[in-house]
Amino acid sequence: MSFRSLLTLLCLTLCTSLQAAPPQNFTQAKKIGWTLYERQSVEFYCGCSFKGNRVDLKSCGYTPRKNANRAARIEWEHIVPAWQIGHQRQCWQHGGRKNCSKNDSVYRRAEADLHNLVPAIGEVNGDRSNYDFGWLPQKPNQYGACPTVVDFKARKVMPRQQVRGMIARTYLYMSDRYQLRLSKQNRQLFNAWNKTYPAEQWERQRNQLVGCVMGWGNPYVGQLDKRLCQQARIAAVNRR
């Protein structure tokens with residue numbers, strides 16, 4: 001994406017969101033998410049194209065494992081699951097996710113953090129559940145040509161190679177920002193993935209887009225260009 005295209009998309013995103021502040025809840029975050037991915041509509045786990053909330057399964061050779069209806073739609077996936085965020089907070093023990101979303105401001109901010117949200121095929125989102133990521137010996141064949149593997153017995157997911165680095169950097173960022181505990185095994189894995197799969201241009205562009213809405217970037221991806229954010233905000237104001 002060129003500089004001009006990036007600035008245009010930033011302008012449209014900021015104009016549509018009608019805010020220069022992070023989303024206050026998950027509902028707001030999802031609305032902004034649709035705008036962020038409008039021009040780069042590629043689903044996270046399999047690399048399928050999508051338009052609106054409908055997935056072009058043929059674009060990545062996806063074959064539904066079990067639920068064709070859910071496979072055909074886009075859902076918003078937390079890379080670090082809401083379950084994992086909530087289970088480290090007292091609010092979850094007294095009413096689960098609903099109670100946390102209503103009564104815990106830190107949880108609400110984490111749940112709505114756009115750095116942690118990606119569009120995903122609904123079926124894979126459901127199959128991933130709250131499983132950890134990791135290495136698996138199985139060859140990918142559950143979803144046709146989609147390279148993601150889910151081991152339901154081991155409760156683990158091996159994502160496609162192209163997003164392993166982004167997953168790692170998201171976990172490290174979320175751990176730092178919201179004081180989330182990571183197991184020694186997971187921290188070692190994510191440090192390794194962060195090194196083995198460095199951020200590519202598309203991830204840096206995403207960090208800039210998301211960062212301009214949130215007000216900060218993911219430092220594991222790169223530094224946020226605040227001047228570009230300001231230019232986009234001025235352009236967004238002039239468009240209204």
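Six or more apart or on different chains, Cβ atoms under 9 Å: show the pairs whose first residue is in region 148-165 and in contact (Cβ under 8 Å) with a residue 40 or more places away in the chain and whose second is assigned to a loop (DSSP other than H, G, I, E, B) and among the small types (Gly, Ala, Ser).
Listed by first residue and then by second, the contacts come to Arg160/Gly47; Gln162/Gly47; Val163/Gly47.
Among the residues of region 137-154, write down those that are of a type outside the set (Val, Ile, Thr) and either under 14 Å from the mean Cα position of the chain (by Cα) or within 16 Å of Glu123 (Cα to Cα) (or both).
Pro140, Asn141, Gln142, Tyr143, Gly144, Ala145, Cys146, Pro147, Asp151, Phe152
Would you mention how many residues in region 52-94 are in contact (Cβ under 8 Å) with a residue 60 or more places away in the chain and closer than 23 Å to Ala168 by Cβ?
Of the residues in region 52-94, 6 are in contact (Cβ under 8 Å) with a residue 60 or more places away in the chain and closer than 23 Å to Ala168 by Cβ.
What tally of residues in region 83-135 results from selecting those that are touching a strand residue (DSSP E or B) at 6+ places or on another chain (Cβ under 8 Å), surrounded by fewer than 17 Cβ atoms within 10 Å (Cβ to Cβ) and either polar (S, T, N, Q) or over 25 Å from Met166 (Cβ atoms) (or both)?
Looking only at that region, the number is 0.
In the list Asn125, Asn99, Asn130, which residue meets the criterion of being among the polar types (S, T, N, Q), under 25 Å from Lys66 (Cβ atoms) and assigned to a helix (DSSP H, G or I)?
Exactly one of Asn125, Asn99, Asn130 is among the polar types (S, T, N, Q), under 25 Å from Lys66 (Cβ atoms) and assigned to a helix (DSSP H, G or I), namely Asn125.
Select from region 54-64 the residues that are touching a Gly at 6+ places or on another chain (Cβ under 9 Å) and not aliphatic (A, V, I, L, M) and write down the one among them that is most open to solvent (accessible area, probe 1.4 Å).
Thr63
Would you say Asp104 is at pLDDT 95 or above, over 14 Å from the mean Cα position of the chain (by Cα) and among the acidic types (Asp, Glu)?
no
Which condition does Tyr171 not pass, out of (1) of a type in the set (Phe, Trp, Tyr); (2) under 29 Å from Arg89 (Cα atoms); (3) open to solvent by 20 Å² or more (accessible area, probe 1.4 Å), if it passes all the others?
Of everything listed in (1) of a type in the set (Phe, Trp, Tyr); (2) under 29 Å from Arg89 (Cα atoms); (3) open to solvent by 20 Å² or more (accessible area, probe 1.4 Å), Tyr171 misses just condition (3).
The values are calculated or read from the model by the stated rules, or taken from the named source; none is laboratory data. Computed from a predicted structure; not experimentally measured. Note that each Cβ is placed from the backbone with ideal geometry, even for glycine, and that neighbours are counted across all protein chains shown. What goes into the accessible areas is simple: the full protein's heavy atoms, side chains included, and nothing from ligands, DNA or RNA. Shrake-Rupley method; radii C 1.70, N 1.55, O 1.52, S 1.80 Å.
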